[in-house]
1. What are the principal axis extents of the Cα atoms in the stretch 253-456, in Å, biggest first?
2. Output wanted: per-residue J couplings in Hz (rounded whole) for the stretch 156-167, from phi through Karplus 6.51 cos²θ - 1.76 cosθ + 1.60, θ = phi - 60°, x for Gly and Pro.
3. For K434, go through the aspartates and glutamates and keep the ones whose alpha-carbon is under 20 Å away, minus same-chain ones fewer than eight residues off.
4. Normalised by the number of residues in the stretch 253-456, what is the relative contact order in percent for Cα pairs under 8 Å and 6+ residues apart?
5. Quick query: amide H of L91 versus all other amide H atoms, modeled in the peptide plane; which residues come in under 5 Å with a sequence gap of 5 or more or a different chain?
6. Find the percent of Cα-Cα distances in the stretch 344-464 that exceed 23 Å, and round it to a whole number.
7. Starting from the alpha-carbon convex hull of the stretch 107-236, give the projected area averaged over all orientations, in nm².
8. What aspartates and glutamates could a cross-link reach from K205, if we take a straight Cα to Cα line under 17 Å and drop same-chain neighbours fewer than 8 places away?
Amino acid sequence: MGKQPSAWITTQQKKRWPLMILLLLSLSTLMAFLIRSTFDSCSNGSINNVGNFIREGQEEEKGGTHHQVNHNDEAPTPNPLDFMKSKLVLLVSHELSLSGGPLLLMELAFLLREVGADVVWVTNQKQTESDDIIYSLEHKMLNRGVQVFSAKGQEAIDTALKADLVVLNTAVAGKWLDAVLKEHVADVLPKVLWWIHEMRGHYFKLEYVKHLPLVGGAMIDSHTTANYWKNRTRERLGIKMPETYVVHLGNSKELMEVAENRVAKRVLCEHVRESLGVKNEDLVFALINSVSRGKGQDLFLRSFHESLKLIQERKLKVPPIHAVIVGSDMNAQTKFESELRNFVSQNNMQGRVHFVNKTLTVAPYLASIDVLVQNSQARGECFGRITIEAMAFQLPVLGTAAGGTMEIVVNGTTSLLHPAGKEGVMPLSNNIVKLATNVEKRLTMGKRGYERVKERFLEHHTSERIAKVLKEILLHKAKRHSES
């Protein structure tokens, strides 16, 4: 199979996306029409991805916010975040990009807007030149009723002082406190919820987190990361963590709608596989994450190469297998990504390895692959949102036995785990071969992963968990206010 140039793939995808979105909109409209016509009471949930086009279009036509409504036209289902109605919330993001932290904060913004909260967003580290991604994400927020202010203007200071709640997103966002609020820092700290996602040691700097002990609380995505921060701040910085809450994330209704729509998945699968030059009967193992050494794309490709050799040496009868790396930056072409591409060329894997540019729309790739590889290195992922998204699509997961992944999957039931680092290369290659040669195991693991998502990792689970935290922060703020 000849290599498809990456630029060609990206161009073809751009040409096809309008058609794909139109098709999905048509499917959604047809489903809604059938539901209204037959008074069907079946669930019709609404990804951060393709499904968002459906929901956003509907919301923008209606205007304003809405409650969750069941499909029997009964009373609205209470939203655990309803108590936040009319509350003023300031969200402070260290950056605005397609990385996990900002996207999670945007989801929180939309959850709060759904219940009628007034939400203001500021980005601390913002490029001076125009950026298509920033422009797109800001307008996405504006269309959902989120106000976007300058992080360093008087509006941001006034909002912080008036706000009922201030959410700092990631450790790096702590620099905003002194730089902008200055003498007002002490007034704002009691109502700050610090949402931390980082697992890397270089984030443990006093310039970032010196105010951490005095905030209303910290929210962290996994127990592993929470324990790491508790120990590291005490041992390295000599400071104590505030009241800390662990909140596992959940999949949005939009993602679940796509994941549970067989027609949409089939259409997306056919489109993506055609654009990559992959046949329907081929097996696809994908790593979907920003391309960096910490995410382990290099070790994954080494494992994939070893699995190809194992299949050949053992003369195993399996369909052609492919590796897909979603999260490249075609424009930057970093040294690390060049290393990845050179490794592919040196080992003559051009027809088996495919690079896809970073994207907000991961649903099409989840719909078109057979196995997700979560290969984050060192301490692993803080949580690993892509893992629960893949499980929603009934995909088995090959993951590193580290970080938040351990709190999501069940080894041997929904996934097969391997060690981080170079010692994990051969175990991962063996696991690739295991799943490539055992259809029943793949399907069973995928089904059990989906069941686990339905039990633990849905949007309403997230809303319930976050609601408990926000109530505690507001109570803490009220108590501090009464004591002052």
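The values are calculated or read from the model by the stated rules, or taken from the named source; none is laboratory data. On a predicted model such as this, the values are computed, not experimentally measured, just so you know. For neighbour counting, all protein chains shown are included, and Cβ atoms are generated from backbone atoms with ideal geometry for every residue, glycine included. With ligands, DNA and RNA removed, areas are computed over all heavy atoms of the protein, side chains included. Shrake-Rupley method; radii C 1.70, N 1.55, O 1.52, S 1.80 Å.
1. Per principal axis, max minus min of the Cα coordinates gives 43, 38, 33 Å.
2. After applying 6.51 cos²θ - 1.76 cosθ + 1.60, I find 5, 5, 4, 5, 4, 6, 8, 4, 7, 8, 10, 10 Hz.
3. Of all the aspartates and glutamates, those that pass the test against K434 - Cα under 20 Å, at least 8 places apart if same chain - are E281, D282, E306, E313, D370, E423.
4. Once divided by the residue count of the stretch 253-456, the mean separation gives 25 percent.
5. Correct list: V120, W121, V122, V167.
6. The calculated P(r) of the stretch 344-464 puts 32 percent of pairs beyond 23 Å.
7. The orientation-averaged projected area of the Cα hull of the stretch 107-236 comes to 8.7 nm².
8. Answer for K205, where 17 Å is the Cα cut-off: D178, E235, listed by chain and number.
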